[in-house]
Amino acid sequence: MKFLLITTVSSLGLTVGASAFAETWDMPVAYGASNYQTENVMSFVEGVDACTEGSLKINVHANGSLFKGDEIKRAVQLGEAQIGERLLSAHANENPIFAYDSVPFLASSFEASDALRDAAAPTLEKVLSAQNIHLLYSVPWPPQGLYLSQDAASPDDLKGVKFRAYNATTARVAELLGMIPTQIEAADLKQALATGVVSSMISSGSTGVDEQVWEDMTTFYDVKAWLPRNTVFVNKDAFAGLNQTQQDCLTSEAATAQTRGTDMAEQLTGGFVQTLADNGMSTGQAPDAIAAELAKIGETMTAEWVESAGSDGKAIFDAYLAE
Ligand code: PCA
């Protein structure tokens, strides 16, 4: 009798098939559905679906719709979402290591950015793991430029200008320039510009195009200060709860997504700046006096970061310089 019962249950399991038992995850991301970072996340999720033969479904919630940008990391840490994507540098208040990708002029090309990512990976994995997070991959934004609502001739013209920051690094640059920073998520940027809460920022051509900033700003100085990253990570308990195939699929699709997203960023960079120009913005180099001031700020901030990030920061710095 007992034997019969077991046979019935297991044959039922077989006929129902694997997908009825699919694990379903939520994935909050902060940026809009048409941004290349989100498009790359969608391809990643499709890749995981195919690789796991439908046994791991990930629902992407774009534009901060499930959790706002600044809530995503904590949600994943606590398991309120199993997986998420976040600009980790915005969490440098927790650990300066998270700002490794936003040190001005430390790595300002795609090639250098990849080398810095590799140098930082072991430390980043360790720090995130202590927060119950498993690192999957990261993808750079295009090089960061200075957006203004009127051309500036010298650093004096920047003083007192209201500035949109997306992390502590951007806020610190603004502060050193005598500007007035306020932290604002990209999802809220358009309104902040329209209402005059801010009139300048440091970001990529990608975000400028997403938010059609030519409606409110005039100038993009392509200073290539750094290439910040969106990082995709998973709650450690959720990861541990997967079977081996599912874990392997996440890992391999993450590697594919990292390469694909990096290629997308690189290929799209020129077109973004062109779109800003096509819509009437001036997109040249910064005036020499401003470029020189930014270079000086870069030196100050590199020293500050190395100092604040301690031995972990030094390990990243040394590994990067040794590449
Ligand atoms: N865009 C994002 C972060 C960096 C970038 O280029 C933003 O402005 O929010």
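The values are calculated or read from the model by the stated rules, or taken from the named source; none is laboratory data. Predicted, not measured: the structure shown is a model, and the values here were computed from it. All Cβ positions, even for glycine, are placed from backbone atoms using ideal geometry, and neighbour counts span all protein chains on display. Ligands, DNA and RNA are stripped out before the accessible areas are found, and what is left, the full protein with its side chains, is counted by its heavy atoms. Shrake-Rupley method; radii C 1.70, N 1.55, O 1.52, S 1.80 Å.
Can you give me the % of accessible surface on the chain that is carbon or sulfur? Probe 1.4 Å, all protein chains present, nothing else counted. Carbon and sulfur atoms account for 53 percent of the accessible area of the chain. For Q144, the amide hydrogen comes within under 5 Å of the amide hydrogens of K224, A225, W226, counting only partners 5 or more places away or on other chains and with H modelled in the peptide plane.
Close amide H partners of N230, meaning residues 5 or more places away or on another chain with modelled amide H under 5 Å apart, are V139, W141.
Using r as the Cβ-Cβ distance of E307 and T259, and R0 as 22 Å, what FRET efficiency do you calculate, to the nearest 0.05? After rounding to 0.05, the efficiency reads 0.05.
Please work out the average accessible area per residue across the stretch 23-70, using the 1.4 Å probe convention, and give it in Å². Before the final figure, lay out each step's value.
Working: 1940 Å² over 48 residues.
Per residue, the stretch 23-70 has 40 Å² of solvent-accessible surface.
Can you compute log10 of I(q)/I(0) for the stretch 184-323 with the Debye formula, treating each Cα as one identical point scatterer, at q = 0.12, 0.17 Å⁻¹? Each listed q corresponds, in turn, to -0.76, -1.17. To the nearest 10, the accessible area of Y100 is 10 Å² with a 1.4 Å probe. Available extension along the chain between T251 and A277 is 5.4 nm, counting 0.36 nm per residue and deducting the alpha carbon span. Rounded to the nearest whole angstrom, the semi-axes of the ellipsoid equivalent to the stretch 141-242, taken from the Cα gyration tensor as √(5λ), stand at 29, 15, 13, largest first.
Each of G271, G284, C249 was placed along the dipole of the stretch 219-289 (beta-carbon charges, centred on the mean Cα), and the one lying farthest toward the positive end is C249.
What does the charge dipole of the chain about its Cα centre add up to, to the nearest 20 debye, if the Cβ of each Lys and Arg holds +1 and the Cβ of each Asp and Glu holds -1? Kindly include the intermediate steps, with their values, before the conclusion.
Details: 19 positive and 41 negative charges, 152 e Å.
With only Lys, Arg, Asp and Glu charged at Cβ, the dipole is about 740 debye.
Please compute the volume of the convex hull spanned by the alpha-carbon atoms of the chain and report it per residue in Å³. Walk me through the numbers on the way to the answer.
On the way: hull volume 43.3 nm³, N = 323.
Here the figure is 134 Å³ per residue.
Legend: distances between Cα atoms for K159/K190; K190/K236; K162/K296; K126/K162; K224/K314; K57/K190; pairs beyond 28 Å are K190/K236; K126/K162; K57/K190. Here the alpha carbons of the stretch 42-94 define both size measures, Rg and Dmax, at 12.7, 40 Å. Once the Kirkwood radius over Cα pairs is known for the stretch 14-115, the Stokes-Einstein relation at 37 °C and 0.692 mPa s delivers a diffusion coefficient of 213 µm²/s. Residues whose amide H falls under 5 Å from that of I180, counting only those 5 or more places apart or on a different chain, are G160, V161, K162, F163, with hydrogens built in the peptide plane.
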